[in-house]
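Notes to accompany the following structure.
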Amino acid sequence: MLTRRGRALVGLVLATLFMATTYGARSLNAVMVPAVLAMVAAVVQVRRVDRPDVSRRVPADGFVGETRTVTLDVTADTAIAAEVTDRTPAALGAGLVSREATVGGSISYDITLRRRGEHELGPATVTVTDVLGLAERTFEYRATDAVLAYPDVYDLTADGVLSLGVDAFVEDRGEFDALREYARGDSLRDVHWKSSAGAPDADLLVREYADGEDPDALDVVAEADRGRSDEMATAAGSVALTLLDADIPVRVAAPNGTVSAGRGDGQRTAVLSLLARAGVGAVPSERRASADVVVRATGDGGATVEYGDRRVAFDDLARRGTPRTDPSAAATEVVP
C-alpha cells in the first residue's frame, strides 16, 4: 500500500508521462524513470519484510490512581522503520497510542489506572515503511493482555483491630495444649510471648493447640446493589486487608466468586484481584448466613459492615482510618 508521499509521487509520474507524450520533452524522462524505479524498490522492500513478532510487557496490577508503564517489543529478521500502535480503553487514559520505532526495538507508554476493574491492553498493529517512506505494509495482532485496577482501600487499624470485633475471634481460638520451639513458617500470632520472655536463652516458644490445626478463617461476604459495586469492593477490601494485617486468615465471597482461606501477601493479592473484578449481585443465602462479616452496599445508602450483632456504616470506619499510602506493595508483576 502506498503512503501519502507514494501517492504524490505516482501523481508526479503520471503528470510527467502526460507531458512527455504530449510535448515530446525527452528530458522529463530524467525525472520519470528514477521515480518509477523508486516506487518499485519501495514496494518490493516492504513486501519482502517478514511478519514481526510483537510481545507486550504487562505491568503490575495496581490501585486506582497509580501509573504504570507498558512496553511493546517488536522483533524481526530485517531492521526497518515502523509505526507501532496499541489500543487502550478510556479507563487507562492513554487511548490509541502510536509511536515510531525500528523493527528490532521497543516502544513504551504510560497508563493511569482511572477506574477499578480489569482493563484490556491491545490489540496492536505494526506498519512498516521503506526507507523513502513511499510504501507501507500493516500487520495486525489479535493478542491482548489485561491489567487490574484494585479498589481503593483503607487501613482500619487506626481504630485498632478490635474495632472490627475480631478480638473475640482471637480469644476463642481455643486453649493451647503445649509449647514448642518456633519453626520457620509459624505464625507470630501463635508465639507465647510471656513464656518466651521467661526463657531468654531459648528460641521463641509457640503455642500448640490440642486439635493440631489453626482455627477456621473468618468468612467475609460482599454484596452490592446496582451502581454500588465500587463501594462494596472498597469496604470488603479494607476489612479483609485489616484482618490479614493482624495475621488472621480470611476467606472472601463476592458476587463473582470466592477466595479460599489463607493469609499472607498471596492472600492479599488474591482478595484484591477478586474484588477488582466484582460486580453487582449477592452470594448464596447459606453462605451469607454463616459469614462472620457481611459487607453490603445498597442503593439507598453507602456500604455497611455487619459482624456479630453490630452494624456500622463503612464511611464511619473509613473516616477514622486512613487510605493505604503504599498499596503497590500488594501488587505483583505479571510475567509476559
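The values are calculated or read from the model by the stated rules, or taken from the named source; none is laboratory data. From a predicted model like this one, the values you see are computed outputs, not experimental measurements. Note that we place each Cβ from the backbone using ideal geometry, even for glycine, and neighbour counts take in every protein chain shown.
If only one of T125, T129 is buried (at least 19 other Cβ atoms within 10 Å of the Cβ) and not assigned by TED's automatic domain parsing to the domain that holds R268, which one is it?
Numbers: T125 fails: buried (at least 19 other Cβ atoms within 10 Å of the Cβ).
So the residue among T125, T129 that is buried (at least 19 other Cβ atoms within 10 Å of the Cβ) and not assigned by TED's automatic domain parsing to the domain that holds R268 is T129.
List pairs: first residue in the range 39-54 and in the same structural domain as V126 (by TED's automatic domain parsing) and under 13 Å from A81 (Cα atoms), second residue assigned to a helix (DSSP H, G or I) and not charged (D, E, K, R) anywhere in the structure, Cβ distance under 8 angstrom, at least six positions apart or on different chains.
Qualifying pairs under 8 Å: A42/G6.
Is there a residue in the range 317-334 that is outside the structural domain of G62 (by TED's automatic domain parsing), of a type outside the set (D, E, K, R), in contact with a helix residue (DSSP H, G or I) (Cβ under 8 Å, 6 or more places away or on another chain) and modelled with pLDDT of 90 or more?
Checking the range 317-334: not a single residue is outside the structural domain of G62 (by TED's automatic domain parsing), of a type outside the set (D, E, K, R), in contact with a helix residue (DSSP H, G or I) (Cβ under 8 Å, 6 or more places away or on another chain) and modelled with pLDDT of 90 or more.
Could you tell me whether V44 is at pLDDT 85 or above and of a type outside the set (G, A, S)?
Working: at pLDDT 85 or above: no; of a type outside the set (G, A, S): yes.
For V44, the condition - at pLDDT 85 or above and of a type outside the set (G, A, S) - is not met.
Can you run down the residue pairs with Cβ atoms below 7 Å, 6 or more apart or on separate chains, where the first is in the range 276-300 and assigned to a loop (DSSP other than H, G, I, E, B) and the partner is surrounded by fewer than 14 Cβ atoms within 10 Å (Cβ to Cβ)?
V280/R226; G299/R226; G299/G227
If V271 passes every condition in (1) part of a strand (DSSP E or B); (2) under 16 Å from L244 (Cβ atoms) but one, which one does it miss?
The failed condition is (1).
With respect to R277, determine if the residue is modelled with pLDDT under 90, surrounded by fewer than 21 Cβ atoms within 10 Å (Cβ to Cβ), among the basic types (K, R) and at negative phi.
Spelling it out, it is not the case that R277 is modelled with pLDDT under 90, surrounded by fewer than 21 Cβ atoms within 10 Å (Cβ to Cβ), among the basic types (K, R) and at negative phi.
Would the range 86-101 turn up any residue that is at pLDDT below 90, in the same structural domain as V131 (by TED's automatic domain parsing), part of a loop (DSSP other than H, G, I, E, B) and more than 30 Å from V271 (Cβ to Cβ)?
So far as the range 86-101 goes, yes, one or more of its residues are at pLDDT below 90, in the same structural domain as V131 (by TED's automatic domain parsing), part of a loop (DSSP other than H, G, I, E, B) and more than 30 Å from V271 (Cβ to Cβ).
Quickly run through the range 264-275 and pick out the residues that are closer than 21 Å to D230 by Cα and in contact (Cβ under 8 Å) with a residue 12 or more places away in the chain. Can you show your working first?
Residues of the range 264-275 that are closer than 21 Å to D230 by Cα, as a first pass: 267-275.
Once the filter is applied, which keeps residues that are closer than 21 Å to D230 by Cα and in contact (Cβ under 8 Å) with a residue 12 or more places away in the chain, the range 264-275 yields Q267, R268, T269, V271, L272, S273, L274, L275.
Among (1) among the small types (G, A, S); (2) in contact with a helix residue (DSSP H, G or I) (Cβ under 8 Å, 6 or more places away or on another chain); (3) farther than 22 Å from D245 by Cα; (4) surrounded by fewer than 16 Cβ atoms within 10 Å (Cβ to Cβ), there is one condition A297 misses while meeting the rest; what is its number?
All conditions are met except number (4).
Under the condition of being in contact with an Asp or Glu (Cβ under 8 Å, 6 or more places away or on another chain) and assigned to a loop (DSSP other than H, G, I, E, B), which residue from the range 55-64 is nearest to V84 (Cα to Cα)? Before you say what the answer is, go through the steps one by one.
Filtering the range 55-64 down to residues in contact with an Asp or Glu (Cβ under 8 Å, 6 or more places away or on another chain) leaves 55-60, 63-64.
Right, trim to assigned to a loop (DSSP other than H, G, I, E, B) and you get 58-60, 64.
Details: V58: 16, P59: 18, A60: 22, V64: 27 Å.
Applying the filter and picking the extreme gives V58.
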